[in-house]
Amino acid sequence: MTNAITLVLVVLLLAMFVLDATVLHLDLPLRAAKAIADLIEWVAFWN
C-alpha cells in the first residue's frame with residue numbers, strides 16, 4: 001500500500017465520521033469501536 005492510497009483512505013474515513021456527526025447521526029465511531037472490541041475478543045479467544 002502506497003502512502004497516497006493510505007492518505008486517501010484516511011481522508012475518506014474521517015470524512016465519513018464528520019458526515020455522520022453532522023448529518024447522518026448513526027453513531028459510526030461507537031459502532032466501529034464495538035466492532036473492534038468484538039474482533040479483539042474473538043482473536044483472544046482463538047489465541
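Of all the residues that make up the range 1-10, how many are in a helix (DSSP H, G or I) and either surrounded by fewer than 10 Cβ atoms within 10 Å (Cβ to Cβ) or over 12 Å from the mean Cα position of the chain (by Cα) (or both)?
Looking only at that region, the number is 6.
Among the residues of the range 13-29, is there at least one that is without any contact (Cβ under 8 Å) to a residue 40 or more places away in the chain and in contact with a Phe, Trp or Tyr (Cβ under 9 Å, 6 or more places away or on another chain)? Steps first, answer last, please.
So the first thing to find is which residues in the range 13-29 are without any contact (Cβ under 8 Å) to a residue 40 or more places away in the chain, and the list is 13-29.
Narrowing further to those that are in contact with a Phe, Trp or Tyr (Cβ under 9 Å, 6 or more places away or on another chain): 28-29.
Yes: one or more hits.
Just to be sure before I move on: is Ala21 surrounded by 10 or more Cβ atoms within 10 Å (Cβ to Cβ), of a type in the set (Gly, Ala, Ser) and in a helix (DSSP H, G or I) in the structure I sent?
Working: surrounded by 10 or more Cβ atoms within 10 Å (Cβ to Cβ): yes; of a type in the set (Gly, Ala, Ser): yes; in a helix (DSSP H, G or I): yes.
Here the answer is yes, as Ala21 does meet what is asked.
Bear in mind these aren't lab numbers, they're just calculated from the coordinates by the rules spelled out. Predicted model, so just to flag it, every value in this text is computed and none were measured. Backbone-built Cβ (ideal geometry, glycine too); neighbour counts: all protein chains shown.
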